[in-house]
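Structure first, then comments.
The values are calculated or read from the model by the stated rules, or taken from the named source; none is laboratory data. Given the structure is predicted, the values throughout are model-derived calculations rather than measurements. Here the Cβ positions follow ideal geometry from the backbone for every residue, glycine too, while neighbour counts run over all protein chains shown.
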Amino acid sequence: MKLKYRHPKDVRMAKVLIGKASEIGEGKMTHVTAGGKEILVANVEGSYYATGNVCTHVGAELHEGELNGKELTCPWHGSKWDITTGSMTWFPQKLRDIGKYKVTVENGTLYVEV
Ligand code: FES
């Protein structure tokens, strides 16, 4: 019998159920904790995106911010983020990206891979 070699870093992603896609309307956000990570899920013009939910400035929960198109504004000091990439688009200093996760929709149910 031949065993398949798996490198120790070959860690599989876990697919985590978020909920019904229809419950997150256009321009709306929700947040979940999955795999020990705080994750924000947003609906931008009918497409779903997931990023980290913690601002890398000093830790605000980004789902409490304002979503305008694909631009998310941090509720504490106004940093701006591209929700489709998890990258900062504006702040007086450089901040680390908030991260991005893959979202899938299956039979109307949203999943995120963490
Ligand atoms: S905590 Fe987000 S900009 Fe300061």
(message) Residues that are more than 14 Å from the ligand (Cβ to nearest atom), in contact with a His (Cβ under 9 Å, 6 or more places away or on another chain) and at pLDDT 95 or above: list the strands (runs of 3 or more DSSP E) wholly contained in region 27-114 that include at least 2 such residues.
(response) 29-34, 37-44
(message) If I ask for residues that are farther than 15 Å from HIS57 by Cα and hydrophobic (A, V, I, L, M, F, W, C), which ones from region 82-114 would you list?
(response) ILE83, VAL103, VAL105, LEU110, VAL112, VAL114
(request) Answer yes if at least one residue in region 48-60 is small (Gly, Ala, Ser) and in contact with a Gly (Cβ under 6 Å, 6 or more places away or on another chain), and no otherwise. (result) yes
(message) Pairs needed: first member in region 74-86, closer than 21 Å to TYR48 by Cβ; second member anywhere, surrounded by 15 or more Cβ atoms within 10 Å (Cβ to Cβ) and of a type in the set (Asp, Glu); C-beta distance under 7 Å; at least 6 residues apart or different chains.
(response) LYS80/GLU71; ASP82/GLU71
(message) Given the criterion closer than 16 Å to LEU17 by Cβ and touching a residue at least 24 places away in the same chain (Cβ under 8 Å), identify the matching residue among VAL44, VAL114, VAL54.
(response) VAL114
